[in-house]
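Below is one structure, written out as structure tokens; comments come after it.
The values are calculated or read from the model by the stated rules, or taken from the named source; none is laboratory data. Quick caveat: nothing in here was measured; it's all calculated off a predicted structure. All Cβ positions, glycine included, derive from the backbone under ideal geometry; neighbour counts span all protein chains shown. Surface accessibility is based on the protein's heavy atoms, side chains included, excluding ligands, DNA and RNA. Shrake-Rupley method; radii C 1.70, N 1.55, O 1.52, S 1.80 Å.
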Amino acid sequence: MYQTPEQLIAMNKANLEAAMKFAGVAIEGAERMIELQLKATKAAFSDSFEGAKALAAVKDFQQLAALKDTMAQPSLEKATAYAKSMYDCATETQAEFGKLVEAQVAEFNKEIVSGLDKLVKTAPAGSEVGIAAIKSGIAAVNSAYDNLSKVAKQFAQATQSNLEAAASQATASVKKATKKAA
């Protein structure tokens with residue numbers, strides 16, 4: 001099938017726009033992660049400074065033991081929150097990529113079906129069966145893609161639930177250990 005220069009220009013423009021959308025999502029995701037890392041670094045530096053000041057003020061072993069217990073739990077909670085924030089950021093970025101891919105696949109399928117419809121009009125008699133088979137194949141591939149997409153979303157939700165459960169369990173374990181040590 002011959003494509004006119006206008007069709008090629010339109011196709012190149014659409015591909016460039018899609019590439020720009022993907023790049024924008026990637027940059028936004030990287031910016032969010034860098035922002036999280038900077039906040040975590042600032043907080044860790046501040047906590048380290050406060051911990052050093054508190055450690056310098058320790059006068060006996062009982063104060064040292066109490067200080068150890070009071071510093072362990074907030075550090076673990078902050079580390080857990082940081083890991084969850086990074087995971088959430090990565091998940092959001094992946095979801096945005098998924099939406100873009102789904103839109104691109106839908107547009108590609110629409111163009112294929114449109115091209116096949118044009119081909120039917122100029123095809124010799126008797127070729128309708130072959131084109132119908134191709135359309136059926138495309139529909140089967142789309143169905144498989146939709147199923148894989150649904151499974152991937154369910155897996156992401158299960159992973160999110162497991163991560164949240166593990167984080168809360170780790171925090172609870174530290175709280176229990178801190179209470180037992182006291």
- Item | Conditions (1) on the phi > 0 side of the Ramachandran plot; (2) surrounded by 14 or more Cβ atoms within 10 Å (Cβ to Cβ); number of the one not met by Ala83 | (1)
- Give me the pairs: first residue in the range 44-67 and closer than 20 Å to Lys78 by Cα, second residue of a type in the set (Val, Ile, Thr) and not in a helix (DSSP H, G or I), beta-carbon distance under 7 Å, and six or more apart or on different chains, which are they? Leu67/Val58
- Item | Residue satisfying all of: in the range 1-38; farther than 30 Å from Thr80 by Cβ and in contact with a Leu (Cβ under 9 Å, 6 or more places away or on another chain); least open to solvent (accessible area, probe 1.4 Å) among these | Ala18
- Item | Hits in the range 140-156 (condition: polar (S, T, N, Q) and either more than 30 Å from Ser85 (Cβ to Cβ) or loosely packed, with under 11 Cβ neighbours inside 10 Å (or both)) | Asn142, Ser143, Asn147, Gln154
- Item | Residue, surrounded by the fewest Cβ atoms within 10 Å (Cβ to Cβ), within the range 120-139, restricted to residues that are of a type in the set (A, V, I, L, M) and under 21 Å from Glu107 (Cα atoms) | Ala133
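Conditions tested, residue by residue: (1) of a type in the set (A, V, I, L, M); (2) under 11 Å from Thr93 (Cβ atoms).
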residue: Ala14; (1), (2): yes, no
residue: Ala18; (1), (2): yes, no
residue: Gly29; (1), (2): no, yes
residue: Arg32; (1), (2): no, yes
residue: Gln37; (1), (2): no, no
residue: Ala40; (1), (2): yes, no
residue: Phe45; (1), (2): no, no
residue: Glu50; (1), (2): no, no
- Message: Within the range 115-132, does at least one residue satisfy the condition of being of a type in the set (S, T, N, Q), modelled with pLDDT of 80 or more and in a helix (DSSP H, G or I)?
- Response: no
- Item | Members of the range 39-72 that are under 40 Å from the mean Cα position of the chain (by Cα) and open to solvent by 100 Å² or more (accessible area, probe 1.4 Å) | Lys39, Lys42, Phe45, Phe49, Lys53, Lys68
